Amino acid sequence: MSNLIKPRIVSFLPAATEMVYALGLGDQLVGVTHECDFPSDAKAKPVVVRPSMALEKMSLREIDVAVAACIRSGGSLYRVDENLMLELKPDLILTQNLCQVCATSGNDLTSVLKLLQPAPEILWMTPHSLAEIFDNIREHDLAWIWNSSSSFNRFRGDSWMSDTCRACPRKELDFGGCRCQAFQLTGDANAIDPVCIYSSDHAMIETLRGSTPEALPIWRS
């Protein structure tokens, strides 16, 4: 086993970064996103993905308008540092192609993949939920968990959504919002994400914002 070549891993997702460390592979992680802050060691890794907009200079309303405009125009909300990726030479990239807003999507990888030789393996993580994960990542490989486990398949598509979510014109942008967030805040992974203004629990978000209504959101996936 000691003679096996250890793959160089780049994570485009905070959740994937945490999984890498949970599997004891932190020493093989060579690149992360600006959002990867747990465990603390992740903050010392080279950052290969950053927002394409100066979010720190925008109000919440300005961010919402700018994000919607960017998506409508086919733009990207994130920038991948191609030069750094070439330097890091990853063997495996952990990413998603589920939501353009939440994290780096497949389109952002297109140009950099053309430059990387040999081409790295891509592990697409595309569930609709991080809630109710009963499958142990030490017993199954990541590809099986994301693609085959009942916990993730339960929230794919829109059949699981409430009538309110299924009728929403934004459902194909956020796919019902964050199931992990809904579960954490309401105790129900099927509930409407409280961040949504149509959620009966939206008031708790306003309460959490408290006296800092212009505080920047923390984008997680």
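Spacing of the modelled spin labels on Ser159 and Asp201, each 7 Å from Cα toward Cβ, amounts to 2.5 nm. Taking 7 Å steps out from each Cα toward its Cβ at Arg209 and Ser150 produces label points 3.9 nm apart.
What do you get for Rg/Rh over segment 41-94 if you use C-alpha atoms and the Kirkwood form of Rh? Here Rg/Rh amounts to 1.08. Across segment 163-170, coupling constants 3J(HN,Hα) worked out from phi with the 6.51/-1.76/1.60 Karplus curve, θ = phi - 60°, read 4, 4, 5, 5, 8, 6, x, 9 Hz, and Gly and Pro carry x. Using the structure shown, select from Lys45/Lys89; Lys6/Lys89; Lys57/Lys171; Lys43/Lys114; Lys45/Lys171; Lys57/Lys114 the pairs with a Cα to Cα distance greater than 23 angstrom. Exceeds cut-off: Lys57/Lys171; Lys43/Lys114; Lys45/Lys171; Lys57/Lys114. With θ taken as phi - 60° and the Karplus curve 6.51 cos²θ - 1.76 cosθ + 1.60 applied, the whole-hertz 3J(HN,Hα) list for segment 34-47 is 5, 8, 6, 10, 9, x, 4, 4, 5, 5, 8, 7, x, 8 Hz, x standing for glycine and proline.
Bear in mind that the values in this text are calculations on the coordinates, not laboratory data. Treat the numbers as computed from the prediction; the structure is a model and nothing was measured. A quick note on method: Cβ atoms are made from the backbone with ideal geometry, for glycine too, and the neighbour counts reach across all protein chains shown.
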